[in-house]
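Peer 1: Sharing a structure, written as structure tokens. Questions coming.
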Amino acid sequence: MNLKLKNPLAFFDLETTGINITHDRIVEISILKISPNGEEESLTQLINPGFPIPLESSLIHGIYDDNVKEAPQFKDVAKSLVKFLEGCDLGGFNILKFDIPVLVEEFLRTGINFDISKRKLIDAQKISI
């Protein structure tokens, strides 16, 4: 990949318990981070939402309660995630309307202010419209 980046670019996707930004929780986060030198790092983490995953959501993303019963909760991985995303611009599909607000809410519940104001945000859905 030959991108001219100033900052690392983290493409990410969330799977959640539903579509309510303030109520629902992350059950999986996947990130591909590309550094300005072209180095790539990836991270995929199942997350226990702390309550049962609704069947209608599991039927969409394929993640069921049994898949996350031994997984850490978001509060247990929040510090390592914020460190992994430190200094990164963010990219993905529909991240402006869903993924970023959900991620910010999850961080706020742990007392971490995940400030996106100084990050570039690239939403493929917005580009394709």
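Every number here is computed from the coordinates shown, using simple stated rules; none is lab data. Bear in mind the structure is a predicted one, so any value in this text is a computation, not a measurement. Quick reminder, even Gly has a Cβ in these numbers, built from the backbone with ideal geometry, and neighbours come from all protein chains shown.
Peer 1: Please report, in debye to the nearest 20, how large the charge dipole of the chain is about its Cα centre when each Lys and Arg carries +1 at its beta carbon and each Asp and Glu carries -1 there.
Peer 2: Rounded to the nearest 20 debye, it is 600 debye.
Peer 1: Taking Lys126 as the anchor, which aspartates and glutamates have their alpha carbon closer than 17 Å to its alpha carbon, excluding any fewer than eight residues away along the same chain?
Peer 2: Asp13, Asp89, Asp99
Peer 1: Express the relative contact order of the chain as a whole percentage, based on alpha carbon pairs under 8 Å and six or more residues apart in sequence.
Peer 2: 26 percent
Peer 1: Tell me, in nm to one decimal, what length is gained between Glu41 and Val82 on full extension, where the rule is 0.36 nm per residue of separation less the Cα-Cα distance?
Peer 2: Result for the pair: 13.3 nm of gain on full extension.
Peer 1: Continuing with this model, one more query. Just how far, in whole angstrom, is region 86-129 from region 1-78 if you go by their alpha carbon centroids?
Peer 2: 12 Å
Peer 1: 7 Å from Cα along Cα→Cβ at both Leu108 and Thr22: what's the point-to-point distance in nm?
Peer 2: Those two pseudo-labels are separated by 0.8 nm.
Peer 1: Based on Cα coordinates alone, diagonalise the gyration tensor for the chain, multiply each eigenvalue by 5, take square roots, and list the semi-axes in whole Å, largest first.
Peer 2: 25, 16, 14
Peer 1: Running a GNM on the chain with Cα contacts under 10 Å, which residue among Gly38, Gly91, Gly18 ends up with the highest mean-square fluctuation?
Peer 2: Gly38
Peer 1: Moving to a separate point now. For the cross-link pairs Lys97/Lys118; Lys69/Lys120; Lys75/Lys120; Lys33/Lys79; Lys79/Lys118; Lys6/Lys97, which exceed 23 Å when the distance is taken from alpha carbon to alpha carbon?
Peer 2: Long pairs (Cα-Cα over 23 Å): Lys69/Lys120; Lys75/Lys120; Lys6/Lys97.
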